[in-house]
Every structure is written in C-alpha cells, then in structure tokens.
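Heads up, the thing below is written out as structure tokens.
The values are calculated or read from the model by the stated rules, or taken from the named source; none is laboratory data. Quick caveat, the model's predicted, so the values are computed rather than measured. Cβ coordinates were reconstructed from backbone atoms using ideal geometry, including for glycine residues, and neighbour counts include every protein chain displayed.
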Amino acid sequence: MNKNTKVPFFDLKVNDSDLKNELLNSVEKVLDHGRILLGPEVERFEREVAKSAGCKYAVGVASGSSALYLSLKSLDIGPGDEVITTPLTWIITGNAIAETGAKPVFVDVKDDFNIDPEKIERAITSKTKAIVPVHFTGLMCDMDKICEIADKYKIDVIEDAAQAYGAEYQGKRAGSFSTVAAFSMNSMKVLSGFGECGAITTNRKDLYEKIKILRYTGTRSDPEKIVTNEAIYVSLNHKIDTIQAAMLLVMMKHLPDRMSRRAEIALRYNNGLSKIVTCPSFDKNNIHALYTYAIRAEQRDELMNYLNSNGIETKIYHKPLVSEAPVFREFYTETPNASGILNDFLSIPAHEKLTNSQVDYVIDKINNFYN
C-alpha cells in the first residue's frame, strides 16, 4: 500500500488496542507453557473449527495449501487418478492435485463464478477419483447437485473452502458437505491468522487419524521423543504452530462482527452499483463469506486503472486461469464462461475496517467512471 492509497484492498494492521491485548495475551500464555508445537491451543482450535463447520473432526495444519494437499493424500489420490475442479481459482488448487501425481481436469463455471455441476458430470471417466469444488470469493457452490453427482458415480468430494470459512449453503456450513474439506486462515481471510495456517474437516474418524499422521511427517507423535522416525506414510511437515492456533481462537470470537460488517458493506455496494455493473447476488437461504466483493464490469482494465489513480486498490482473482498456467498447458480445455468472467472480473475493497465514507468514495468513483 503506497502513501497515496485512500482505500486499501486489505488492511492487516491491528490498531484496535483491546484486540491487540487479547492477541498478545494469547501469545504470552503459549510462551509461558512452552508447548510451541501442537500445544493445548491447537486442540481447542480444532474443536472450535469442527463445531463451526458442523463436522466431527478437524485438524490444524500449516496452511491452506497443506490442508488441500493432505485432504487429497488422505484419500489415496495419486498417479493414474483424475480430479475434476475449476480453472477459476488460485493456482494451489491445481498444484495440490498435480503434486499427488493425479491429473487435474478443468471444467467450466456458472455465472456465479463457481463450478458448473452439469459440466462436472460430463467430465467424469473411469479414472475420476474426486471432485474439488472451490467456493470462490466465499460463495458456496451448488453442493446439493455436486454431492448428488458424486454419490451417483461413487466418487469423493473435497471442498476447497479456503475462501469460505463461515459460509453457508441451505443451512449447512462450508466443510460439512464433503468427505474431507480444506480451509485457509492466512492473514487475508475473513477468519485471519497472522501468517500461514489452515485446517481440515471431516466426519470420518479413519481420515482424521490418517491426516494427523500425514501432517507430522507420516509419523505418530511420541511425547517422549524416543521414537521419531517410524514413518507410516511418506509425508512432510505440515504442523500448525501453537501460537497461530492461540491467536485464531481470539479471532474466532470476533468473526461474527467481521462477517456482519462485510455483509453491510456488500449491501451498500449493491445498492450503489447494481445499475452500472454486475454485482454479486445474495440468497437469503445462504451466507456468503465475502472473502472478496467481486463485480463484473465493462472496460474492466480502464476502470481498474482509474480507481488505482484515485487511490483505490483493486485485484483480479486469479489471472490467468489455472488451466492456462504454463505448468498445466497439457491439461488445457476450453472453458468459455470462466474466460469471459476473467475478462471483466474485478474485486474491490470490502474488508470490515472500511468506513462508510470510504465505501461511498469507491461507489462515487465507479459511477463517475461510467457517467
């Protein structure tokens, strides 16, 4: 963020003195007991994540990337398998699949930016092992149809819920629809840690136990540190730090207020912008996590430059499409709707620290650009 920025896309500073003291106290407690890795706060964090997602189990891990990769590994996805997903996502969705040795199969999206269930069913082959829907921008996919397709073909669903902690679809939380689900809690997310961190949810005890081993270099943790090399699986270190878990427990208490403020801002944008750009729609039966507020706009690039020149930071999530990244060219398939969205998609600032005057300033500048 440069000195001329009037409306930052993110604001990761902790200026609230009460919140800062809560966070520092949580860190101090970890430093006092000294269980820096997999301490008691990790177990509490995992219980809270499982409860929030409506699942039996949760495992804290080092990042959202680790969460997705270990979710895939827990289901023994590997060479010879195919995994269906969307090209409109961050590169890690494709990378995690490819890193297992499986082939990512990219299918098109609907106008709401999320994967199209009809396209999923057409892409299923005898090699299809799983579907990875991505709840893009925090809006949940059509999970009823996706789960119906998965049941029909007896394949697993792995929710990439990195952007959707706290989101709901038809009264059920993100992470509760799938065999296993992956969350990110890094500093940019709605439930934000202070660095990289993530979590995995599941209702299957066997997967829960397996993922705990996979996150710890494929070994069972020995409290006495006598047996450290008896690996059951080939894996790396994906543990969450106790300090991150402790701070996330603090942030969880503030999550309802953060989500409520983001919803207020989104409604303000919708009221001020819906006549000139395409705004996200909000179904009263669902909860959008609002990781970002994304519009579709004509002359997108010109608008982006105009807003930037007026001190408003914006972002395009994510360019190019994953299927068009150099590493995935061999798996490229045409996805015209995703391509069209990426041509006019723009995320504008909508985090909870924005003032109403900042939001109105963004609305005024977008209206000025078109009028």
Over the stretch 229-260, the set of residues over 21 Å from Gly64 (Cβ atoms) and among the polar types (S, T, N, Q) is Asn229, Ser260
Thr201 fails exactly one of (1) in a helix (DSSP H, G or I); (2) within 30 Å of Asp144 (Cβ to Cβ); (3) in contact (Cβ under 8 Å) with a residue 12 or more places away in the chain; (4) of a type outside the set (Phe, Trp, Tyr), namely (1)
Scanning the stretch 101-153 residue by residue, those under 20 Å from Gly340 (Cβ atoms) and part of a strand (DSSP E or B) turn out to be Phe106, Val109, Ile115, Val134
Criterion first (within 30 Å of Phe282 (Cβ to Cβ), touching a residue at least 24 places away in the same chain (Cβ under 8 Å) and either touching a strand residue (DSSP E or B) at 6+ places or on another chain (Cβ under 8 Å) or not assigned by TED's automatic domain parsing to the domain that holds Asn343 (or both)) does Leu88 satisfy it? yes
Of the residues in the stretch 279-293, those that are in contact (Cβ under 8 Å) with a residue 24 or more places away in the chain and either within 17 Å of Gln358 (Cα to Cα) or more than 18 Å from the chain's Cα centre (by Cα) (or both) come to Ser281, Asn285, Thr292, Tyr293
Filter the stretch 56-91 for residues that are of a type in the set (A, V, I, L, M, F, W, C) and farther than 23 Å from Val42 by Cβ; the one that is surrounded by the fewest Cβ atoms within 10 Å (Cβ to Cβ) is Ile91
Only one of Glu148, Glu121, Glu99 is more than 22 Å from Phe328 (Cα to Cα) and either among the charged types (D, E, K, R) or surrounded by fewer than 21 Cβ atoms within 10 Å (Cβ to Cβ) (or both), namely Glu148
Of those in the stretch 321-371 that are in a helix (DSSP H, G or I) and of a type in the set (Asp, Glu), the residue surrounded by the fewest Cβ atoms within 10 Å (Cβ to Cβ) is Glu330
Across the stretch 299-320, the tally of residues that are free of Cβ contacts under 8 Å to residues at least 60 places away in the same chain, of a type in the set (D, E, K, R) and not in a helix (DSSP H, G or I) stands at 1
Of the listed residues (Lys3, Lys13), the one being modelled with pLDDT under 95 and assigned to a loop (DSSP other than H, G, I, E, B) is Lys3
What about Thr100, is it modelled with pLDDT under 95 and not hydrophobic (A, V, I, L, M, F, W, C)? no
